[in-house]
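Okay, so here's the structure we're looking at.
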Amino acid sequence: MSDKPLEIDFSIDRFRKGDRDEFRWIYNKYYDALYIFVYRIVKKETEAEDILSDSFIKLWRLRERFDSLDKIRNSLYLICKNASIDHLRHVQKELKALNWLEKPENDIENRNEKITAEVLAELAKKIELLPDKCQKIVKLIYYNNLSTAEVAIQMGISNQNVLNQKARAIQILRSSIQK
């Protein structure tokens, strides 16, 4: 005699009336196969276990609707499949929400970079309009990163003259930008 439970050991009538032993029989019969089925969809153990628990609870609530063991089995697979898909959709929505939360920061960074680029381009245009000596000093200091002393040596003028021309250039730029 086989140790395998026979389907005739199961009573659909007792199950429909809420017999917990019949429910336990169904649980024991289908749990392992359903777990593998769900796990292959969601790829995570705890989520698969949660989906199975919820699916068996749903089966218990719907027990009065079933008239055969085949319909119970088919319904369990359908319930598990739908719950797995719902879970994946929920995960996908969470990822989209996270991406949305991150996106405004990226937009702000991009916007700031665009503004900076536009301001620098406008400033470069204004520098081209400076008097020749001021223009050359500003370019050497800010474009070539030369010190005041290096600019003075290169241009053959005093440090004070470089500082005066730089101050004059900054004053002209400020007033033209404010306009």
Sorting 131, 116, 59 by the position of each Cα along the dipole of the chain (Lys, Arg +1; Asp, Glu -1; all at Cβ), the one nearest the positive end of that ordering is 131
Go through 175, 82, 37 and say which Cα lies farthest out towards the positive end of the charge dipole of the chain; charges sit on Cβ, +1 for Lys and Arg, -1 for Asp and Glu.
175
At 7 Å along the Cα-to-beta-carbon direction for both residue 90 and residue 21, put a label point, then send me their distance in nm to one decimal.
3.5 nm
Extension gain residue 116-residue 35, at 0.36 nm per residue separation less the Cα-Cα distance, in nm?
23.6 nm
Taking the Cα centre of the stretch 44-179 as origin, sum charge times position over the Cβ atoms of Lys and Arg (+1) and Asp and Glu (-1), and report the length of that vector in debye to the nearest 20.
680 debye
Among (i) 21.2, 91; (ii) 15.1, 50; (iii) 38.2, 111, only one was calculated for this model; which label is it, if the read-out is Rg and Dmax of the Cα atoms in Å?
(iii)
Gain in span if fully extended, residue 44 to residue 82, counting 0.36 nm per residue against the direct Cα distance:
12.1 nm
Cα-projected label distance for residue 161 with residue 58, points at 7 Å along beta-carbon direction, nm
8.7 nm
Quickly estimate the mean residue ellipticity at 222 nm for the chain, helices only: each DSSP H run with n ≥ 4 gives -39500 (n - 2.57), and the total goes over all residues, rounded to 500.
-27000 deg cm²/dmol
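Values quoted throughout were computed directly from the atomic coordinates according to the rules given, and no laboratory measurement underlies them. Bear in mind that the values here come from a model prediction, so they are computed numbers and not experimental data. Here Cβ is always computed from backbone atoms with ideal geometry, including for glycine, and neighbour counts include all displayed protein chains.
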